[in-house]
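Student: Before I ask anything, let me first share the structure, which is written out below as structure tokens.
The values are calculated or read from the model by the stated rules, or taken from the named source; none is laboratory data. For clarity, every value in this text was computed on a predicted model and none was experimentally measured. So basically every Cβ, Gly included, is an ideal-geometry build from the backbone, and we count neighbours across all protein chains shown. Heavy atoms of the whole protein, side chains included, go into the accessibility calculation; ligands, DNA and RNA do not. Shrake-Rupley method; radii C 1.70, N 1.55, O 1.52, S 1.80 Å.
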Amino acid sequence: MAPLIDIIAGARPNFMKIASIIKALERDAADVLAYRLIHTGQHYDARMSDDFFRQLGIPAPHINFDVGSGSQAAQTAAIMIRYEALLQEAPSQLCLVVGDVTSTMACAITAQKLGVPVAHVEAGIRSGDWTMPEEINRMVTDSITNWFFTTSDGANANLARAGVTDDRIFFVGNTMIDTLVANLDRLAPPAFWDDLALVPQNYFVLTLHRPTNVDSNASLAAMLAAVAAATRGLPVIFPVHPRTAKTIRELGELPTSLHLVEPQAYLEFNYLVRNAKAVITDSGGVTEEATVMGVPCMTLRNSTERPETVSIGTNELLGTDPAALAGALDRLFSGAWRKGGIPPLWDGRAAGRIVAALKPLLCA
Ligand code: UD1
């Protein structure tokens, strides 16, 4: 029987990363490797999950743990209990996890404890900021990973420093960018594009969901006011993550140039980014997509686990002090924003390299 790979997906940023891996498995290894797609249910709203499966042609999950929301520990525990039961009943030969969400770490721990090897896609990146749950998830996952699939030289260096030997590190590129490259021609304007009379390069996209930015009413209100002021009255399209929506409901009136919309599906969101004057965000993945599309990107964080988006790409770290926005946008409006380039191997072919590496590892 062909070795069975569990592909784990739990939260929104996982879905674009697994889409290209599944396509490459079906294209290059259908006869030698089998897979079982497991959705943990960490994200469950249609707009956070189902829309991505539909638009990206991801097959329906074979199994859904339906864990839903909860504290970090509650979510981790619920995923581990369900995955452990599944592996005991129907073992697999590899647990493939992507990114840095709670589901990534929970499944890696469970698999390794049952003797199922772990492959981590997007391994080795580090922000150095232990206040972010994602950083803990990355560190724990990488400490029990067998095979590391990396997106950057920086990730390779971080892993080497931690004592990981070269034969376990595969520098393959970026599977999230595979999905972007494959879908560039399919990007489509959202329904509100005409209603708001949006014009390319004459509006901004804003995303905010980090607890440090959105869990306090006062700091979120100050940040939104600063964004509106610095963007000089141009429309700011703000797809609101469910976590952020909770705080926003408690704020008073917001500046009128901010257009709050539902979380967007993949093709609409990246259409908005591709045509924006700039993106203002606290996401990590969005900084990668903006870099590849050559769109100026301002990150409202003090650190990044993706330094190549700054050193090579279009991204700049502004920190979390709203006062930094005015100067950055002055530079943008004066035409001084760096053009940027594309990091090595972010070429749309990362998933094919992963499958090519997995075949000899699993079919020996
Ligand atoms: C998670 C990831 C983060 C990623 C983000 C993208 C972790 C630790 N964090 O953060 O890295 O950038 O996803 O979206 O895994 N909720 C809904 N509907 C949903 C999902 C969540 O309403 O479909 C609400 C819940 O009330 C929940 C809150 O949003 O409490 C936050 O969701 P959670 O999965 O805990 O983490 P995110 O902030 O989404």
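Student: Only one residue in Leu345, Leu361 is part of a loop (DSSP other than H, G, I, E, B) and open to solvent by 20 Å² or more (accessible area, probe 1.4 Å), so which one is that?
Tutor: Leu345
Student: I'd like the full set of residues that are surrounded by fewer than 24 Cβ atoms within 10 Å (Cβ to Cβ), within 20 Å of the chain's Cα centre (by Cα) and farther than 18 Å from Gln93 by Cβ, limited to segment 25-48.
Tutor: Scanning segment 25-48 gives Gly41, Tyr44, Asp45, Ala46, Arg47, Met48.
Student: While we're here: Confirm whether Arg249 is under 24 Å from Gly124 (Cα atoms) and basic (Lys, Arg).
Tutor: No: the conditions fail for Arg249.
Student: Across segment 157-168, what is the total count of residues that are farther than 21 Å from Pro360 by Cα and crowded, with 17+ Cβ neighbours inside 10 Å?
Tutor: Looking only at that region, the number is 2.
Student: Looking at Leu325, Leu332, can you tell me which residue is part of a helix (DSSP H, G or I), in contact with a helix residue (DSSP H, G or I) (Cβ under 6 Å, 6 or more places away or on another chain) and open to solvent by less than 20 Å² (accessible area, probe 1.4 Å)?
Tutor: Just a single option satisfies the conditions, and that option is Leu325.
Student: Mind checking which helices (runs of 4 or more DSSP H) fall wholly inside segment 50-129 and carry at least 3 residues that are within 30 Å of Asn302 (Cα to Cα) and either assigned by TED's automatic domain parsing to the domain that holds Glu268 or open to solvent by 10 Å² or more (accessible area, probe 1.4 Å) (or both)?
Tutor: 72-89
Student: Taking the options Thr256, Thr231, Thr244, name whichever one is at negative phi, within 16 Å of the ligand (Cβ to nearest atom) and of a type in the set (Ser, Thr, Tyr).
Tutor: None of the other options fit; the residue is Thr244.
Student: Given the conditions (1) modelled with pLDDT under 95; (2) touching a Phe, Trp or Tyr at 6+ places or on another chain (Cβ under 7 Å); (3) not charged (D, E, K, R), report the number of the one that Ala188 does not fulfil.
Tutor: Ala188 satisfies every listed condition except (1).
Student: If I ask for residues that are over 18 Å from the mean Cα position of the chain (by Cα) and either among the polar types (S, T, N, Q) or surrounded by 19 or more Cβ atoms within 10 Å (Cβ to Cβ) (or both), which ones from segment 132-156 would you list?
Tutor: The answer is Ser143, Thr145, Asn146, Trp147, Asn156.
Student: Any residue at all in segment 32-47 that is on the phi > 0 side of the Ramachandran plot, within 12 Å of the ligand (Cβ to nearest atom) and either in the same structural domain as Glu289 (by TED's automatic domain parsing) or not acidic (Asp, Glu) (or both)?
Tutor: Yes, some residue in segment 32-47 is on the phi > 0 side of the Ramachandran plot, within 12 Å of the ligand (Cβ to nearest atom) and either in the same structural domain as Glu289 (by TED's automatic domain parsing) or not acidic (Asp, Glu) (or both).
Student: Could you give me the residue pairs with C-beta distances under 6 Å whose first residue belongs to segment 5-21 and is at pLDDT 95 or above, whose second residue is of a type in the set (Asp, Glu) wherever it lies, and which are 6+ apart or on separate chains?
Tutor: Close Cβ pairs satisfying both conditions: Ser20/Asp178.
Student: Just to be sure I understand the filter: pairs with C-beta atoms under 7 Å, separated by 6 or more residues or on different chains, first member in segment 224-249 and under 20 Å from Tyr44 (Cβ atoms), second member open to solvent by 10 Å² or more (accessible area, probe 1.4 Å) and of a type in the set (S, T, N, Q). Which pairs pass?
Tutor: Pro239/Thr207; Pro239/Gln264
Student: Within segment 6-24, which residues are more than 16 Å from Leu267 (Cα to Cα), more than 16 Å from the ligand (Cβ to nearest atom) and surrounded by 24 or more Cβ atoms within 10 Å (Cβ to Cβ)?
Tutor: Listed by number, the residues that qualify are Asp6, Ile7, Ile21.
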